[in-house]
Amino acid sequence: MSRDRKIIHIDMDAFYASVEQRDAPELRGRPVAVGGSSMRGVVASASYEARQFGVRSAMPSVTAKRLCPHLIFVKSRFDVYREVSSQIREIFHDYTDLVEPLSLDEAFMDVTVPKKGPPSATLIADQIRHRIYKTTGLTASAGVSFNKFLAKVASDINKPNGMKVITPAEAEDFIAELPIEAFHGIGKVTAEKMRRMGIFKGGDLKRYTEIDLVKRFGKVGRHYFRIVRAEDSRPVNPNRIRKSIGAERTYKEDISSKEEMKTKLTYLSEVVFSYMKKSDNYGRTITIKAKMPDFRILTRSRTFNAEVRDLDYLIKVTHELLDEDDENIQQVRLLGVSVSNLSKEQDLDGIQLEFDFEYHQG
């Protein structure tokens, strides 16, 4: 694997909330949540003032309101977010055609051979951040390294409005000291499992063989084995598009009440829908997944002639799929909701990632 590549990951700071604060001066300096309401839904974006109270994206609105009673809910304006995102991407393409958008507010760029600007990826990232602010009035954070994993992790280090560079010479020492929960692709559930194994930092993870990690974590164990050694050969793919969007959650105690299962499916549907809106990518096939206490997995799907663009209808279908009588679901330890046959569908290079709420993009 070449360590000569120059990869930049740009991540806008609290993008939706920052756009709302930019356009409504009375919201500046105040805790703002985009999406949802105080009664239902999930938070699509939270301002940094709200994050000080523990409010996060994909959090149920009722939880966010409990954490921050003076939280201000603002309706999302995806037409505005898409317009701003287009302005930002035009800046990216001034420097390289190898731009891989992950969503409206973040992207990878390969500037190994830039179209313009200095030969330094660090200087290019700095120029891009300044141009974004001058053009949109918004701040962005950047990570710069020789592969996608490190660039992605680096962009979180000095947020908001910061930058972190990880050189090949620094990479292994940096990863050795990186807390396991800061590894992009290791979610809360996996991080807790690793901590029970005595894995708290990258250095602890590196002591395990590839075979051991596969035995304990399945196929993704191979990914963990490579990234802890700073090995990530995935190219920046300008044609990267989602194949599916979904969320699943494993519960500490088995669920046997159908009503409780439907409550969980409602929340998972809201998470999935918020990310479909965020990426402006809707699908025609709805699938629910249930894992039984004996680890049997059951999936049920329904496909429509047009994309599902209504949250209430998505929730209704997941509940109907749960109630189908072909095989009764009596107890579950995991539930999941996913949407596929997306309007922007293409095979996706890479692994399925696990987030705090086990959100995955296939």
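The values are calculated or read from the model by the stated rules, or taken from the named source; none is laboratory data. Small disclaimer: the values here were computed from a predicted structure and weren't measured. All Cβ positions, even for glycine, are placed from backbone atoms using ideal geometry, and neighbour counts span all protein chains on display.
What the table shows:
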{"quantity": "Hits in segment 58-74 - residues which are touching a residue at least 40 places away in the same chain (Cβ under 8 Å) and closer than 21 Å to Ser279 by Cβ", "calculated": "Ala58, Pro60, Val74"}
{"quantity": "Scope segment 299-330; condition over 26 Å from the mean Cα position of the chain (by Cα) and surrounded by fewer than 14 Cβ atoms within 10 Å (Cβ to Cβ); matching residues", "calculated": "Phe304, Asn305, Glu320, Asp323, Glu324, Asp325, Asp326, Glu327, Asn328, Gln330"}
{"quantity": "Residue check for Ala140: crowded, with 19+ Cβ neighbours inside 10 Å, of a type in the set (A, V, I, L, M), touching a strand residue (DSSP E or B) at 6+ places or on another chain (Cβ under 7 Å) and under 30 Å from Phe92 (Cβ atoms)", "calculated": "yes"}
{"quantity": "Index of the failed condition, Lys215 passing every other in (1) modelled with pLDDT under 95; (2) touching a Phe, Trp or Tyr at 6+ places or on another chain (Cβ under 9 Å)", "calculated": "(2)"}
{"quantity": "Residue in segment 106-120 that is of a type in the set (D, E, K, R), under 19 Å from Arg5 (Cβ atoms) and either part of a loop (DSSP other than H, G, I, E, B) or not assigned by TED's automatic domain parsing to the domain that holds Glu49 (or both) present", "calculated": "yes"}
{"quantity": "Any hit, segment 22-38, residues being touching a Gly at 6+ places or on another chain (Cβ under 8 Å) and either of a type in the set (Gly, Ala, Ser) or not in a strand (DSSP E or B) (or both)", "calculated": "yes"}
{"quantity": "Out of Glu181, Glu177, Glu192, sole residue that is loosely packed, with under 15 Cβ neighbours inside 10 Å, on the phi < 0 side of the Ramachandran plot and either aromatic (Phe, Trp, Tyr) or modelled with pLDDT under 95 (or both)", "calculated": "Glu192"}
{"quantity": "Odd one out for Tyr81 among (1) crowded, with 20+ Cβ neighbours inside 10 Å; (2) in contact with a strand residue (DSSP E or B) (Cβ under 6 Å, 6 or more places away or on another chain)", "calculated": "(2)"}
{"quantity": "Qualifying residue in segment 207-220 (condition: touching a Lys or Arg at 6+ places or on another chain (Cβ under 6 Å), part of a loop (DSSP other than H, G, I, E, B) and of a type outside the set (Asp, Glu))", "calculated": "no"}
{"quantity": "Qualifying residue in segment 193-205 (condition: closer than 24 Å to Arg249 by Cα, free of Cβ contacts under 8 Å to residues at least 12 places away in the same chain and touching a Gly at 6+ places or on another chain (Cβ under 6 Å))", "calculated": "no"}
{"quantity": "Residue, farthest from the chain's Cα centre (by Cα), within segment 8-21, restricted to residues that are among the aliphatic types (A, V, I, L, M) and not in a strand (DSSP E or B)", "calculated": "Val19"}
